[in-house]
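Data first, discussion second: the structure below is written as structure tokens.
The values are calculated or read from the model by the stated rules, or taken from the named source; none is laboratory data. Here the structure is a predicted model, which means the values were calculated and not measured. Because the Cβ atoms are built from the backbone with ideal geometry, glycine has one as well, and the counts that use them run over all protein chains shown.
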């Protein structure tokens, strides 16, 4: 495909055309049949070339309107980006009220010593649903106090890339494929219950209680151990 010059003239009369008469000269490479009266290109062909100039960004009768429309689009994009940034950093602002443990083996030891289960929270700071949980559930002191009666809360942070060997090992062990993922395990690391996605504080409490009830009945949902 050849280069398109946006500055080509469309309506200029050809140089060497005498005034007051009809020139027999025509642009090179153009047949006589293709020319209109006076050696000029037919109107429809001028219109096509005119549209090509507009598509390449050159002068157009409505180019001012096009530039104004582009300006509005840029303004809307800037505003949307600002709103998204406020939401993102605002959702990160609330500190967690949960006393998270960050080492898997340490969480198992604490669970064994206290007779509790372990809650694994798989999340990341680039995961919007994870930040929603942080903002709406884990930031509540009353929820955190109730949670820690039943489980040792373990946060498995997948924010970094690549993952550290210890985090990668836990992710593979519990076959995590989505964030957030919540897994409740016993002191041997065996899965009692698991769930993916966001929950309200009430739903999360029911989730943990169901794990406690199942563990108390000696049942495990983990068929791989």
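Among the candidates 162, 129, 95, single out the residue that is free of Cβ contacts under 8 Å to residues at least 24 places away in the same chain, more than 25 Å from residue 187 (Cα to Cα) and either assigned to a loop (DSSP other than H, G, I, E, B) or assigned by TED's automatic domain parsing to the domain that holds residue 191 (or both). Before you say what the answer is, go through the steps one by one.
Working: 129 fails: free of Cβ contacts under 8 Å to residues at least 24 places away in the same chain; 95 fails: free of Cβ contacts under 8 Å to residues at least 24 places away in the same chain.
When all the criteria are applied, what remains is 162.
Quick test for you: out of 178, 215, pick the one residue that is surrounded by 17 or more Cβ atoms within 10 Å (Cβ to Cβ), on the phi < 0 side of the Ramachandran plot and in contact with a strand residue (DSSP E or B) (Cβ under 6 Å, 6 or more places away or on another chain).
Values: 178 fails: surrounded by 17 or more Cβ atoms within 10 Å (Cβ to Cβ).
Just one listed residue meets the conditions, 215.
Residue-wise test of (1) part of a strand (DSSP E or B); (2) assigned by TED's automatic domain parsing to the domain that holds residue 115; (3) within 20 Å of residue 148 (Cβ to Cβ).
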position: 168; (1), (2), (3): no, yes, no
position: 179; (1), (2), (3): no, yes, no
position: 183; (1), (2), (3): yes, yes, yes
position: 198; (1), (2), (3): no, yes, no
position: 211; (1), (2), (3): no, yes, yes
